[in-house]
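Heads up: the structure comes next, in structure tokens.
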Amino acid sequence: MEHLNPGGLGLSPSSTGVGQEIYSLSERLFPICRSITGDGVRRTLDILSEQVDLERHEVPTGTQVFDWTVPQEWNIRSASITGPDGQTVVDFADSNLHVVNYSMPFKGTLPLDELRRHIHTLPEQPGLIPYRTSYYAPTWGFCVAHDRVAKMPEGLYRVEIDAELKDGCLTYGEYLHRGHTEREFLLSAHICHPSLANDNCSGLALLATLARSLKARKTRYSYRFLFAPGTIGALAWLSRNEDRTYLIDHGLVLSCLGDAGSPAYKRSRRGDAFIDRAMAYVLGGEAGAKLMDFSPYGYDERQYCSPGFNLPVGMFQRSVHGTFPEYHTSADNLDFIRPEHLEDSFRILTEVIDIVEEDWTPLNLFPKGEPQLGKRGLYAALGGQKSSGATSMSLLWVLNLADGQHSLLAMAERSGLPFWELAAAAKLLLDHGLLAAAL
Ligand code: ZN
């Protein structure tokens, strides 16, 4: 807990009830059938817009975004499989995972062995419905619990998928919190998954709540919140904003933020960006936290960190995608995420934002020898008086490292002292004319 900002310089670390708020928002997002296009994304943006006024963008089918093309828009009304006895065996109304996301429409009657070729199951997790997509390869299909398929008798099955693929748009939403400078902190979450709570109702709800919480705060950086479909949505945003990506100083992709796993951070492709160091610093105070190097597999950091952009964007999550048994199954439901974990993720993000906001690089104006602290009334602080938040060690470290090459974060890394203790010491020394801000 030593990393908590004791000076209350930033967002309240004890944001009471924020975890429950994020959870309640996740609950509202959960039932919606989202995909990379379609009305599910728009309905989701409607709900998120209650937190902050999102700017909505519609990118028409056929639009070229780098090497990709915006596909036709997909919407689905209903889908079912009816057995030989006339009973409904599978119903989209029970779970939107039941239909392959982006499935083509289909209507017909076919024998079980033929139908099976269009049914995806998880033999290793026979009670769960898998999540499958087919965005760019036209096909139709269902996803069903293995146990249920095993009980289906031979015979003819009536199948109906009332879906629609037609020219339309890809939709994404963004919100910009303007700071003192144009330099940006990009926060991005994918909005394309249907009823999966951790991946990524948790990220969407947390990000919208964070955006709302920043509204009342004057910040140095501008904060851009992006809610876009995975891959194609991030590419659409990048292609429309290519000329301003140079403004992005820090970025995070957010997903899977509500489960009981320890926090995990994947570094940007650069590996040594400020965000990489700030996340490593904050997670250094968290039990069981994981730090991983960049790899070109995961979420939209793959696009932001592609070599043509190479942006300082890392990924923050709890349990690492693809490694927990609930991942991409019907077990990633509202029981899998908890308000306390969402709150913990929110707190970590606010701490990182606090560091991004409050970091600066001091320059010692009396660098030859140690300046005499006693005659400036700083002797008490040096003697260990803590009312300022500065300790003797933090004063000594700041004076020593204030060569214009070390920001407060670098001082924290090198000294092992808490960032906020060093920040308090630097403020005290600045107020007493011993430091200036390095250019
Ligand atoms: Zn996913």
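Each value in this text was obtained by applying a stated rule to the coordinates, not by laboratory testing. Source: prediction; values computed, not measured. Methodologically, a virtual Cβ is constructed for each residue, glycine included, from the backbone with ideal geometry; neighbour enumeration extends over all protein chains shown.
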Identify which of 134, 268, 95 has the largest mean-square fluctuation in a Gaussian network model of the chain, with springs joining Cα atoms closer than 10 Å. 134
For residue 160, project a label point 7 Å along Cα to C-beta. Then give me every residue of segment 132-151 with its amide nitrogen under 16 Å of that point. none
For segment 365-378, just list the computed ³J(HN,Hα) in residue order, Karplus coefficients 6.51, -1.76 and 1.60, θ = phi - 60°, integers in Hz, with x standing in for Gly and Pro. 7, 10, x, 8, x, 7, x, 7, 6, x, 6, 9, x, 9
Going Cα to Cα from residue 375, which aspartates and glutamates come in below 17 Å? Please leave out same-chain ones fewer than 8 positions away. 431
Which residues qualify? For residue 89, with a placed amide H closer than 5 Å and at least 5 residues away or on another chain, they are 81, 82, 83
I'd like the Karplus ³J(HN,Hα) series for segment 396-412: coefficients 6.51, -1.76, 1.60, θ = phi - 60°, whole numbers in Hz, and an x wherever there's a Gly or Pro. 5, 5, 4, 4, 6, 8, 7, 9, x, 9, 10, 7, 4, 5, 4, 5, 5
Through the Karplus equation 6.51 cos²θ - 1.76 cosθ + 1.60, θ set to phi - 60°, convert the phi angles of segment 145-154 into ³J(HN,Hα) values in whole Hz; use x for Gly and Pro. 4, 3, 4, 5, 5, 4, 8, 6, x, 4
If amide H atoms are modeled at 1.01 Å from N in the peptide plane, then the residues at a separation of 5 or more from residue 292, or on another chain, having amide H under 5 Å from its own are 265, 266, 267
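What full-extension length gain, to one decimal in nm, is calculated for residue 176 and residue 334 as 0.36 nm per residue of separation minus the Cα-Cα distance?
Details: separation 158, 0.36 × 158 = 56.88 nm, distance 2.92 nm.
Going from the current span to full extension adds 54.0 nm.
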Starting from 0.36 nm per residue, how many nanometres of slack lie between residue 403 and residue 55 once their C-alpha separation is accounted for? 120.9 nm
Globularity index of segment 73-166, i.e. its alpha-carbon radius of gyration over 2.2 N^0.38 Å: 1.00
Under the helix-only model (-39500 (n - 2.57) for each DSSP H run of 4 or more, divided by the residues of the chain), the mean residue ellipticity at 222 nm, to 500 deg cm²/dmol, is -8000 deg cm²/dmol
Given DSSP loops and a limit of at most 13 other Cβ atoms within 10 Å, what is the longest stretch of the chain that contains no such GluC sites (Glu not before Pro)? 183-439
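Percent of Cα-Cα pairs more than 20 Å apart in segment 362-437, please. Don't skip to the answer; put the middle values down first.
Values: 501 of 2850 pairs.
Percentage above 20 Å: 18.
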Given trypsin sites (Lys or Arg not before Pro), DSSP loops and at most 10 other Cβ atoms within 10 Å, the longest exposed-site-free stretch of the chain is 219-367
